[in-house]
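> Here you go, one structure.
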Amino acid sequence: MAAARAERRERPGAYTVELLRKSGLLGGSGEFRVHELAITESIVESVTQRLPDARVVCVRLAIGRLSGVSVPSVEFCFGPATEDTGLAGARLVVDEPAGRMRCRACAAEFASDDLFAVCDCGSMDVDVIAGQELLIRAVEVRGHV
C-alpha cells in the first residue's frame, strides 16, 4: 500500500491515466469523459493525507444538487480511486443538499435545483445560498490510534 502511494506521488499523471482506463472513463482518443474522477481522487488524497495509517470504513460526502458534480459518477469512481489506499473497500455515502435561492429584488428565499431560477416576483436576479456544496462531511475509521 505504501509503495502504491509513493508511485502516485512520483507519477500522478500516469496513475490517473491507468485509473481512467480501468474505470472506462478514458475515451478512445484519450479524452476525459468526466471531471468527477479528479474530484474523487482529491477526496481520497485529502482523507489519506489527514489519516495516513487509518483503515477507513465509510466516507460521507455532501454534493449539492447545484454543484455541477454527478453523484453517480463519483460513486462509480470511488472504488477504483481507493484501490491500494486505506480507503479500499470503504462505503461511500453521499448526501445531496437541495438548492436554495435568495432573490435580490424582493429578498424572498425559495427552493430550486435550477441555476436559472425565477422568483415568484418574476426576478431572475438571485443568489444561490445552498446546493453548491462539495464537502467531506465525515470519515469513519476502524482501528485508528
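No lab work stands behind these numbers, since they all come straight from the coordinates. It should be emphasised that the depicted structure is a prediction, and the values quoted were computed from it without experimental measurement. Heads up, the Cβs are rebuilt from the backbone with ideal geometry, glycines too, and the neighbour counts pull from every protein chain shown.
> Which Cα, out of 135, 90, 64, lies furthest along the positive dipole direction of region 55-145 (beta carbon charges, K/R +1, D/E -1)?
Of the listed residues, the answer is 90.
> Order of 110, 116 from fewest to most other C-beta atoms within 10 Å?
116, 110
> Continuing with the same structure: For residue 112, what residues show an amide H to amide H distance below 5 Å, using hydrogens built from the backbone and excluding near sequence neighbours?
Those lying under 5 Å, H to H, from residue 112 are 99, 100, 101.
> Spin-label point model (7 Å from Cα, Cβ direction): what's the residue 58 to residue 106 distance in nm?
Taking the two extended label points, one gets 4.2 nm.
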